[in-house]
Structure formats: C-alpha cells, structure tokens
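Inspection log for the structure reproduced underneath, given as structure tokens.
The values are calculated or read from the model by the stated rules, or taken from the named source; none is laboratory data. Quick caveat, the model's predicted, so the values are computed rather than measured. No Cβ is skipped: glycine too gets one built from the backbone with ideal geometry, and neighbour counts run over all protein chains shown. SASA here: full protein model, heavy atoms, side chains in, ligands and nucleic acids out. Shrake-Rupley method; radii C 1.70, N 1.55, O 1.52, S 1.80 Å.
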Amino acid sequence: MTVPLLKIGAVLSTMAMVTNWMSQTLPSLVGLNGTAVSRAGTSEKITLFQSPDEGWQVYTSAQAPDGKCLCTAVIPVQGSCSRDLRSHQLRQLTEKVQNISQSMEVLDLRTYRDLQYVRNTEALMKGLDSRLRVAAESQKSLNAKSFQQELKDKMTELLPLLPVLDQYKADTRLIVHLKEEVRNLSGSLLAIQEEMGAYDYEELQQRVLMLEARLHACMQKLGCGKLTGVSNPITIRASGSRFGSWMTDTMTPSADSRVWYMDGYYKGRRVLEFRTLNDFVTGQNFVQHLLPHPWAGTGHVVFNGSLYYNKYQSNVAVKYHFRSRSVLVQRSLAGAGYNNTFPYSWGGFSDIDFMVDESGLWAVYTTNQNAGNIVVSRVDPQTLEVLRSWDTGYPKRSAGESFIICGTLYVTNSHLAGAKIYFAYYTNTSSYEYTDIPFHNQYSHISMLDYNPRERVLYTWNNGHQVIYNVTLFHVIKTSGEL
C-alpha cells in the first residue's frame with residue numbers, strides 16, 4: 001500500500017511545482033510584473049502600454065496668408081482620450097492572467113495542505129498494512145473480534161482521506177481547464193503582436209512620449225490667443241445644490257490633479273479637497289477644510305495652493321492657504337459692491353469674482369463710481385493689492401457670468417439656456433468688441449464659470465452639475481523675419 005501512496009504524493013508534489021511555476025512565470029509572460037518582458041535570446045525589453053487612460057489630442061489647421069501661420073488648437077481635458085483597441089484587448093488579457101494567477105495560487109495552497117495530510121496518514125496506512133500481514137501469518141492465534149475492532153478503528157482514522165482524494169480529482173480537472181485558458185491567452189497575445197507589427201515597443205512608446213512633450217511645448221510657445229469657440233459640455237459629476245463652485249489649482253504641476261468643491265453660494269465654510277479627478281467623480285478620498293470666514297458668491301479660485309474668495313457680507317478678499325489651514329492675508333477691495341449690490345444676472349451674492357489667466361490673479365467687481373459697470377483689476381496674489389483696474393463699460397447686472405483668457409475678459413449675456421459669449425474686453429489695448437460665440441448651456445442655469453489656464457478648459461457649475469468645456473483659441477505666429 002505504500003507504493004500507491006508514494007505515487008499520490010509525487011503527483012501532488014508535481015502539481016505544487018507546476019502551479020508555483022505558472023503563478024510566477026505566467027504574469028511575466030504578458031507583462032504583469034512591471035509590464036516588461038524579454039524577447040527570446042535577447043536582453044531587449046518590450047514595454048506594454050502604460051497608463052492607457054492618459055493622453056490628449058491636439059487638433060490643428062494651418063494657412064499662410066501674407067506670410068503668417070494661423071493655428072487653431074483644441075486640448076481636451078486630461079484623461080478624456082483613450083488608447084487604441086489593441087491596448088484595450090491587452091488590458092483585458094492581463095486581467096484574465098491575473099485571475100488565472102490567483103486561481104493557481106489558491107490551488108497551490110490547497111494542494112500543499114492536502115499533501116501534508118496525505119503524508120500524515122502515511123504512517124497509519126503503513127501500520128494497517130503491517131497489521132494485515134501479521135494477521136495473515138498468524139490466523140490461528142488471531143482474536144477475530146479484537147482484530148475486527150482494531151481494523152474498524154484504523155479505517156475510521158483513514159476516512160478523511162476520501163474527501164481529500166475527491167478534491168484532488170476536482171483540482172486535476174481545474175488544472176486542465178487552466179491549461180486550456182493559458183493556451184487561448186497565448187494565442188490571443190501572438191495574434192495581437194502579429195497584427196501590431198514587429199515594432200520595438202519600448203522605442204515606439206518613447207517616441208510617442210517625446211511627441212506629446214513637443215506638442216505640449218508647442219502649445220506653451222503658442223502662448224495666448226483669441227477665443228473663437230467653445231466645445232460641447234462634458235459633464236463630470238452631478239452633485240450638490242443648484243449653486244456652487246469647483247476647481248483645480250491653476251498653477252500647480254500637471255501631476256497634481258486635486259479638485260476642490262464648494263457647495264452653495266453664501267455663508268458656506270466647508271471646502272472638500274479630493275485627491276484626484278476620479279476620486280471627485282466617485283465622491284471618495286477627500287479631506288475637509290473649514291474656513292475661518294464664510295464665503296459669498298461662487299467666484300472663488302485656487303491659485304498656487306491657496307484659495308481666494310470673498311468674505312461674506314463684505315468686500316474683503318481672503319487668501320486661505322490649504323497646507324497650513326490658515327488665512328495668509330485679507331484686504332478690502334476699495335469701493336467694490338457686495339451683498340447683492342452688483343451681482344451677475346442670477347444674483348447669489350456674486351458681486352466679486354476672482355479668476356486666473358496665464359498672467360496671474362484678477363478680480364471682477366463693480367463700484368458706485370463706475371455706475372454698475374464691470375471693473376476688472378489685476379491683483380497681487382501675495383498682498384491682494386490692486387495693481388491696475390479697467391472700466392469695461394459693460395453693466396454687470398446684464399452679465400450672466402464672465403471669465404478671463406490671456407488678459408481678455410469674456411462676458412456671457414445670460415446664465416440661462418440660449419446664453420452666448422457676447423462681449424470681450426481687451427486689457428492690453430483697453431478696448432472692447434461685441435462677440436457671438438455660442439455654447440450649449442445643457443442644464444439651463446450656470447452659477448459659476450471659470451477658465452483654467454493650466455488645462456485650457458472652462459469649469460462650470462450648472463444647476464447641480466459639474467461641467468467642463470474645451471476652448472478653441474486663435475493664434476497668429478509671426479515668422480522670424482517679422483518684427
């Protein structure tokens with residue numbers, strides 16, 4: 001009886017070795033460990049697509065009238081683009097491999113446990129075999145009743161071995177199934193690689209990254225442009241009340257994707273800080289800041305790690321630093337109306353509106369001296385001192401909302417459905433023009449509209465929905481021969 005037992009032990013031991021090999025080797029074959037695998041016979045690495053949900057697109061058109069290059073570029077929000085179909089298939093295959101690896105790990109543990117039990121019962125089986133041999137050799141002196149009882153006790157001790165053997169049979173079938181899954185995965189991977197071609201994937205990916213970096217650098221060199229269009233709205237989340245504001249930092253490195261969320265338009269003090277845009281969408285992973293002074297309106301902005309907002313029932317500007325959780329400075333905007341004296345057309349204590357463009361911090365408000373017309377002021381972000389002001393001549397109560405791009409203030413004619421960007425004031429020339437730039441007011445009540453120069457998108461709060469718009473800027477690039 002020891003020979004069959006040793007065979008069982010050898011089979012189970014072999015199963016353990018096979019599962020251990022597959023659980024360690026199979027993930028590396030498809031890039032599960034570090035997303036890198038080696039080609040046979042070489043030390044060259046193939047890097048699979050990393051961060052498949054990241055990426056961006058640039059749409060351009062060019063003409064050359066009068067020796068000038070005219071470019072129009074649209075950059076969508078980060079993460080709105082996706083990689084190609086083959087990358088998606090590779091991710092699905094990687095997930096299958098992960099599932100198979102987990103199954104193999106469970107099978108390995110179970111096999112080890114069963115093998116230990118079989119080894120423990122080996123002594124019992126040897127003892128039973130020895131007892132049977134003694135009984136066969138001395139049948140005359142054997143007490144049948146006591147021998148029967150002893151045999152019964154031994155068999156009782158061996159009964160738990162039966163379910164172990166049943167489990168072994170089931171695991172054998174599972175191994176056959178997993179082997180078939182591995183064959184299918186290998187075939188799928190080979191087919192994808194053949195269809196994609198015999199590229200050096202690491203070199204190809206580096207070239208793509210270099211191209212993206214050059215495109216980003218190109219956009220930075222393009223600098224400022226004139227707004228010519230607004231995309232269709234992209235709804236990020238539906239949450240909160242009818243009025244509120246949400247934003248990302250307009251100056252931090254692009255790797256920082258924190259989102260700040262401020263529900264309501266007056267007496268609020270609670271600011272939620274989400275770690276990433278995805279956390280904001282799911283409503284998870286956030287910390288709370290409790291402002292020392294309540295806010296008024298929705299014209300807040302986050303700039304270089306600090307929140308700039310209007311203190312409730314005053315024309316005081318407040319700079320709150322998130323890291324230290326303290327007010328660094330506060331200063332009154334001389335003559336600025338507050339407490340619904342000169343709000344936007346929707347009301348909501350929107351008398352003072354802070355905003356940031358490529359050149360820095362601005363404040364939009366109105367004074368009695370300006371007869372209710374919009375005043376746009378450059379503000380020192382350290383001291384909150386007004387550096388220079390412009391009277392736009394546009395009545396603030398007739399404006400739905402406003403935002404600033406490259407020193408140009410753009411004003412909407414309504415906060416309701418059918419609104420369009422109707423007026424533009426150029427601070428560089430102290431001039432204005434009426435415009436006709438439509439945009440889709442999907443939820444019919446905009447209570448916050450701000451431009452983010454880092455991402456080149458418009459952030460809006462629209463009737464309890466957090467929405468973004470891409471913008472199209474018109475650039476005129478002078479050649480080196482021009483003055």
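Filtering segment 318-330 for residues that are among the charged types (D, E, K, R) and surrounded by fewer than 19 Cβ atoms within 10 Å (Cβ to Cβ) leaves a non-empty set.
Is at least one residue of segment 366-385 of a type in the set (A, V, I, L, M, F, W, C) and modelled with pLDDT under 95? Scanning segment 366-385, I find at least one residue that is of a type in the set (A, V, I, L, M, F, W, C) and modelled with pLDDT under 95, so the answer is yes. What about T228, is it open to solvent by 30 Å² or more (accessible area, probe 1.4 Å), under 28 Å from F474 (Cβ atoms), β-branched (V, I, T) and in the same structural domain as Y426 (by the TED database)? Spelling it out, T228 is indeed open to solvent by 30 Å² or more (accessible area, probe 1.4 Å), under 28 Å from F474 (Cβ atoms), β-branched (V, I, T) and in the same structural domain as Y426 (by the TED database). Against the test of being assigned by the TED database to the domain that holds N368 and over 27 Å from H465 (Cβ atoms), the options S345, S306, S350, S324 yield a single qualifying residue, S324.
Residue count for segment 435-470 under the criterion of being more than 21 Å from P343 (Cα to Cα), touching a Phe, Trp or Tyr at 6+ places or on another chain (Cβ under 8 Å) and not aliphatic (A, V, I, L, M): the result is 7. Selection of segment 252-279 for residues being hydroxyl-bearing (S, T, Y) and either more than 21 Å from N463 (Cβ to Cβ) or outside any strand (DSSP E or B) (or both) yields T252, S254, S257, Y265, T276. Pairs needed: first member in segment 271-287, of a type in the set (D, E); second member anywhere, open to solvent by less than 30 Å² (accessible area, probe 1.4 Å); C-beta distance under 6 Å; at least 6 residues apart or different chains. Between residues of segment 271-287 that are of a type in the set (D, E) and residues that are open to solvent by less than 30 Å² (accessible area, probe 1.4 Å), the close pairs are E273/W260. Number of residues in segment 259-299 that are open to solvent by 70 Å² or more (accessible area, probe 1.4 Å) and at negative phi equals 10. Among the residues of segment 382-394, is there at least one that is assigned by the TED database to the domain that holds W461, under 26 Å from G244 (Cα atoms), of a type in the set (A, V, I, L, M, F, W, C) and buried (at least 20 other Cβ atoms within 10 Å of the Cβ)? Among the residues of segment 382-394, at least one is assigned by the TED database to the domain that holds W461, under 26 Å from G244 (Cα atoms), of a type in the set (A, V, I, L, M, F, W, C) and buried (at least 20 other Cβ atoms within 10 Å of the Cβ), which makes the answer yes.
Take S414 and tell me if it is buried (at least 17 other Cβ atoms within 10 Å of the Cβ) and either hydrophobic (A, V, I, L, M, F, W, C) or part of a strand (DSSP E or B) (or both). For S414, the condition - buried (at least 17 other Cβ atoms within 10 Å of the Cβ) and either hydrophobic (A, V, I, L, M, F, W, C) or part of a strand (DSSP E or B) (or both) - is not met.
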